[in-house]
Amino acid sequence: MHALRRWWHDTAGGLPATFWYLWAGLLINRAGAFAMLFLSLYLTDVRGASESLAGTVVGAYGAGGAAGVLLGGVLADRWGRRATLLAAHLATVGLMVALAFSQHLLLIAVLSALIGVVHSMPSPAFVAAIVDVVPAERRSRAFNLQFWAFNLGMAVASLLAGVLAEASFTALFLVDAGATLTAAAVIGWKVPETLRLAARPTTTASGPTPASVRTRRPGLHTALTDRTFLVFVGLTFVLAVLTMQTSTIMPLAMRADGLGPSAYGVVVALGGALIVVGQLFVPRLIDRHRKDVVLAVSTALLALGFGVLAVADDLAVYLGAAVVWTVGSMLAAPPNAQINADLAPPLLRARYQSVFYLTFPAAAFVAPTLGGVSLQHLGDRHWLIVAGLGLLAALGHLLAGPPRERHVAALRRNATPVTTTERVPAP
């Protein structure tokens, strides 16, 4: 019993109530965000669209997502985290209902692009709000729980989507809208505005903050010109490209090895199950280690897992490789988010988050575009290139870590102290 209590303390103890309401909103949101998973099938099977047209509409959704990340970051720093979350969720509800009853392909394409925008807007606001309310020493476990909730929600969404799509695509869109409305209700009822916690003017380590500094409003360009931050974003981009192999290039490699869609489904399901079961044990493994070392190890594991595919020719090898790269992804999630939070000035937290999150749509474009050409012309040697890229990124983390930590320490010395009156439950 004592061991269980200790594990719970190390995994989820000492987190404020607002975090748990944000976590619940994220879980409900992701568990209900399943309609767009079946958008291409809906377009081809129900609306009679060609495969190329369906791909264009899905691409419009993705392009909207890239724009929504930046918009969400700017609005979360200007309007506030709560206001941005509510606006994005409520807009999603209206657009999803409209999509459920739309019949014209042009209108469906426009609605899909707009849904892409509002689906991506909450990401920077969610993370910025977590950083606002969770003390620095507890953020690793908070981000670990966030990653776990995201993947648990996606697993639930995948199961529900298949059942609802078999019954009715209209019901698919409407249930998605209902889940989003529920998440908005949780946020509106229990999550206060947290931006004020980051914006309180006090004194810095060198004395009172000058009026010129207090009134200055740095913008998105600050994140885009922060070299230390951009090096970290670049390394995260490599991590994202590696991770994207599972959904873009690996299915093609498995087909070439004579393995069908069901085998691919087993590999993906194994990864999801490992995250849902094992992610809660990650904090105890990594909390005593330097973040750059953890990221180097996790990236090296991803490189190793995908490198094994160069000699894979049956399902057992793919499953073994999936275990390796999934463990790498699990270890990377908390320090990745924590470093991103550490590098962001308090007044620009959401903007920094938005630039960070751009790595994922960028990787979603680069991984299949270059990976398909690489696999076609190089065959299994493609996986050796992927492994080499991962090992270079692991080395990059080790080299960038110490100067980044010095940069973070300087930011903390010069930062405006942020305090919160929210009561933190006792461990």
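The values are calculated or read from the model by the stated rules, or taken from the named source; none is laboratory data. None of the values given here were measured: they were computed from a predicted structure. Because the Cβ atoms are built from the backbone with ideal geometry, glycine has one as well, and the counts that use them run over all protein chains shown. Side chains included, ligands, DNA and RNA excluded: accessible areas come from the protein's heavy atoms. Shrake-Rupley method; radii C 1.70, N 1.55, O 1.52, S 1.80 Å.
Taken as entire DSSP H runs, the helices of the chain that both span 30 Å or more between Cα atoms along their own long axis and average 0.5 or more on the Kyte-Doolittle scale are 51-78, 139-167, 169-190, 227-248, 315-343. Whenever you get a sec, compute what percent of the accessible area on the chain sits on carbon and sulfur atoms (1.4 Å probe). In the chain, the share of accessible area belonging to carbon and sulfur is 68 percent. Over the range 220-318, the reciprocal of the mean inverse Cα-Cα separation, the Kirkwood hydrodynamic radius, stands at 15.8 Å.
As a length-normalised measure over Cα pairs under 8 Å and 6 or more apart, the relative contact order of the chain settles at 27 percent.
Note on surface exposure: Ser262, Ser168 rank Ser262, Ser168 by accessible area, highest first, 1.4 Å probe.
Please compute the length gained on full extension between Leu315 and Leu220, using 0.36 nm multiplied by the number of residues separating them and subtracting their Cα-Cα distance.
29.6 nm
Tell me, what is the FRET efficiency for Thr369 and Lys190 to the nearest 0.05, using R0 = 56 angstrom and their Cβ-Cβ distance as r? Approximately 0.85, to the nearest 0.05. With R₀ fixed at 60 Å, the C-beta to C-beta distance from Ala410 to Ser168 puts the FRET efficiency at about 0.60.
Counted residue by residue at 0.36 nm each, then reduced by the alpha carbon distance between them, the extension gain from Ala362 to Gln103 reaches 90.2 nm.
Taking label positions 7 Å along the Cα-Cβ direction at both Ser50 and Leu90, the computed distance is 4.2 nm, reported to one decimal.
Ranking of Arg412, Arg30 by solvent-accessible surface, largest first: Arg412, Arg30 (1.4 Å probe, protein heavy atoms only, all chains present).
Using 18 Å as the cut-off for backbone N distance, which residues of the range 226-266 belong to the label zone defined by a point 7 Å from the Cα of His377 along Cα→Cβ? Within reach of a label on His377, which here means backbone N under 18 Å from a point 7 Å along Cα→Cβ, the range 226-266 contributes 249. Computed over the chain, the P(r) curve from all C-alpha pair distances, binned at 20 Å from the origin, holds 25, 59, 16, 0 percent per bin.
Surface analysis of the chain yields an accessible area of 45 Å² per residue, using protein heavy atoms and a 1.4 Å probe. Computing Rg and the Kirkwood Rh from the Cα coordinates of the range 21-166 gives a ratio, Rg/Rh, of 1.01. The candidates Glu193, Glu137, arranged from most to least accessible area with a 1.4 Å probe in the full protein assembly, appear as Glu137, Glu193.
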